[in-house]
Protein chains: 2
Amino acid sequence: MIDIYTFIEAVWLMWPAYGANGLCMLAKGKRRVDFGKEFRGKPLFGEGKTWEGFALGVFVAVLVASFQMFAFEFLPWDLSPVPLDIIPMSPFLGFVIGLGAMLGDLGGSFIKRRIGIPRGKPAPLLDQLDFIIGMFVFLWFVIPLKWEWVVILLILTPAVHLTANVIAYLVKLKSVPY
Amino acid sequence: MIDIYTFIEAVWLMWPAYGANGLCMLAKGKRRVDFGKEFRGKPLFGEGKTWEGFALGVFVAVLVASFQMFAFEFLPWDLSPVPLDIIPMSPFLGFVIGLGAMLGDLGGSFIKRRIGIPRGKPAPLLDQLDFIIGMFVFLWFVIPLKWEWVVILLILTPAVHLTANVIAYLVKLKSVPY
């Protein structure tokens, strides 16, 4: 059953991954995760995936999860008429989410390179969902998941991504609205 | 809970959509769904989407669902130790599934054209999931869905697609393994 309550539970989970995915490019790293290696004549992951970015992503996820851990008791959970199934955040869970998100992102780049999509060229759905899929694969091992959370974040993430990019395009931060 | 039972229920649902998606290209149609119209300088859907293909896809889905309706009573459902939640198939449900799958496929092409991916160029995940998403959006209105079915088919479909293409590549039916 997808309702406002499972929606709030899912959104609570997504922040460390969104932080990691959104901020990792600020690292402007140079050390390629694939060390410049190729696979059948194409880069393994490409120039866009660096160790600095990977580390920053995981670090941001740990930070965001720690912040959520401290914020938890100050949030107005008692506004909800039903008990919410809010996953307790911790630096460890942030690390798991960040690692999953960054490895999912690498997986997405791996797939794009294999089928010949160059760095920076869009792959709709794959680009927006790789880190969410990676996050859920990793979370799978450490916490009980609701299928509703998976469906909610798989739908919500491309919508949020598109909205953010259209806004960035309208205020001329981006040259294309996607 | 995803188990062998929800898996069987999900697989039962997918056949009309898989049939529509897999066979619609046999129409080798000429009449473009977009009538050659463009949107901001790019084709609305492109040459790959024809009315003949659309109609064949819906027709195949109706046929497959009708076949499932007749086959239902001969299938060994009593092998299952738990009662299965098998959706009763009908020509009408096949029509709904086929229409959803074909419109989802059109939606995928629309997105690819908007971001400048030409006809035939791959968009991983989007290419494999557009018709499944379309199917679920339409099914939503006519039958009660389990979230497990959505998650199962979203995972299963890209895996089946990749497996089929790797096999087609190995037996030299395709020039690329995706």
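Can you say whether A:Ala123 is within 27 Å of B:Ile132 (Cα to Cα), more than 11 Å from chain B (Cβ to nearest Cβ) and among the small types (Gly, Ala, Ser), as far as the supplied structure shows? Spell out the reasoning first.
Working: within 27 Å of B:Ile132 (Cα to Cα): yes; more than 11 Å from chain B (Cβ to nearest Cβ): no; among the small types (Gly, Ala, Ser): yes.
When the stated conditions are applied, A:Ala123 does not pass them.
Considering the conditions (1) away from chain B (no Cβ under 13 Å); (2) part of a helix (DSSP H, G or I); (3) within 26 Å of A:Thr6 (Cβ to Cβ), A:Leu106 is excluded by exactly one of them, (3). May I ask you to verify whether A:Pro144 is part of a loop (DSSP other than H, G, I, E, B) and within 12 Å of chain B (Cβ to nearest Cβ)? Criteria met by A:Pro144. Looking only at residues in the stretch B:1-10 that are of a type in the set (A, V, I, L, M) and within 14 Å of another protein chain (Cβ to nearest Cβ), the one that is least open to solvent (accessible area, probe 1.4 Å) is B:Ala10.
The residues of the stretch A:86-99 that are in contact with a Phe, Trp or Tyr (Cβ under 8 Å, 6 or more places away or on another chain) and more than 13 Å from A:Gly19 (Cβ to Cβ), listed by number, are A:Ile86, A:Ile87, A:Pro88, A:Val96, A:Leu99. Residues in the stretch A:121-139 that are open to solvent by 60 Å² or more (accessible area, probe 1.4 Å) and modelled with pLDDT under 95: A:Lys121 only. When the criteria are applied in full, B:Pro118 fails the requirement of being open to solvent by 20 Å² or more (accessible area, probe 1.4 Å), within 11 Å of chain A (Cβ to nearest Cβ), out of contact with any Leu (no Cβ under 9 Å at 6 or more places or on another chain) and under 23 Å from A:Leu162 (Cβ atoms). If you scan the stretch A:65-91, which residues turn out to be open to solvent by 40 Å² or more (accessible area, probe 1.4 Å) and touching a residue at least 12 places away in the same chain (Cβ under 8 Å)? Across the stretch A:65-91, the qualifying residues are A:Met69, A:Phe72, A:Val82, A:Leu84, A:Asp85, A:Pro88, A:Pro91. The set of residues from the stretch B:11-52 being open to solvent by less than 20 Å² (accessible area, probe 1.4 Å), touching a residue at least 60 places away in the same chain (Cβ under 8 Å) and within 15 Å of B:Arg114 (Cβ to Cβ) comprises just one member, B:Gly46.
The values are calculated or read from the model by the stated rules, or taken from the named source; none is laboratory data. A quick note: this is a predicted structure, and the numbers were derived from the prediction, not measured. With ideal geometry, Cβ positions are generated from the backbone for all residues, glycine too; neighbour counts draw on all protein chains shown. Side chains included, ligands, DNA and RNA excluded: accessible areas come from the protein's heavy atoms. Shrake-Rupley method; radii C 1.70, N 1.55, O 1.52, S 1.80 Å.
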